[in-house]
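This report concerns only the one structure given below.
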Amino acid sequence: MSTLLISACPGQPTCAAVHTYLFVDGLDMVTRSDSRMAGLDPRRLLRPGGPLYPTDTQRTVDVATQEQPKPGPGRLTIQVRLRGETVIWSDLMYPGPDGRPIEEIRFRLEQYLGEVERAYAVLKDGL
């Protein structure tokens with residue numbers, strides 16, 4: 001099972017805009033998937049019942065948009081679904097630590113929801 005850590009960039013002056021980092025097993029999933037992308041605003045991804053909350057029905061979730069060399073129409077999407085006590089992200093394609101492609105990630109439901117809720121609480125406290 002993998003572990004999820006969510007962080008957010010506060011925007012100006014550090015970055016051009018507020019965006020979310022999704023670290024899977026310590027790797028920045030968005031940047032490793034496509035270095036031109038930046039995670040979407042955390043208020044969009046982390047809100048209660050928002051797109052990262054898993055359901056039994058698989059759904060497509062936009063997690064990032066093209067930022068380099070300039071903002072564009074490109075999107076990074078994942079498939080999110082819940083199967084028992086396991087959250088599954090699929091339709092991925094980024095290099096793992098050994099260079100081999102990662103196509104699917106599985107998280108323990110308790111760790112996953114705990115991290116989404118922790119990141120949302122940090123965001124909410126900062127507003």
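Say we look at region 28-43 and pick out the residues that are open to solvent by 40 Å² or more (accessible area, probe 1.4 Å) and either at pLDDT below 90 or hydroxyl-bearing (Ser, Thr, Tyr) (or both); which of these is farthest from Gly96 (Cα to Cα)?
First, pick out the residues of region 28-43 that are open to solvent by 40 Å² or more (accessible area, probe 1.4 Å): 31-32, 35-36, 41, 43.
Filter once more, keeping what is either at pLDDT below 90 or hydroxyl-bearing (Ser, Thr, Tyr) (or both): 31, 35-36, 41, 43.
Details: Thr31: 12, Ser35: 15, Arg36: 18, Asp41: 25, Arg43: 28 Å.
Looking at the filtered set, the residue picked out is Arg43.
Of all residues in region 11-27, which are at pLDDT 90 or above and open to solvent by 30 Å² or more (accessible area, probe 1.4 Å)?
Selection gives Tyr21, Phe23, Asp25, Gly26, Leu27.
Just name the residue that is farthest from the chain's Cα centre (by Cα) out of those in region 82-96 that are within 16 Å of Tyr53 (Cβ to Cβ) and open to solvent by less than 30 Å² (accessible area, probe 1.4 Å).
Only one residue tops the list, namely Thr86.
Out of region 110-122, which residues are open to solvent by 30 Å² or more (accessible area, probe 1.4 Å), in contact (Cβ under 8 Å) with a residue 24 or more places away in the chain and not aromatic (Phe, Trp, Tyr)?
Scanning region 110-122 gives Glu110, Gln111, Leu113, Arg118, Val122.
The values are calculated or read from the model by the stated rules, or taken from the named source; none is laboratory data. Because the structure is a prediction, the values reported are computed rather than measured. Every residue, glycine as well, gets a Cβ built from its backbone with ideal geometry; the counts of neighbours run over all protein chains shown. Surface accessibility is based on the protein's heavy atoms, side chains included, excluding ligands, DNA and RNA. Shrake-Rupley method; radii C 1.70, N 1.55, O 1.52, S 1.80 Å.
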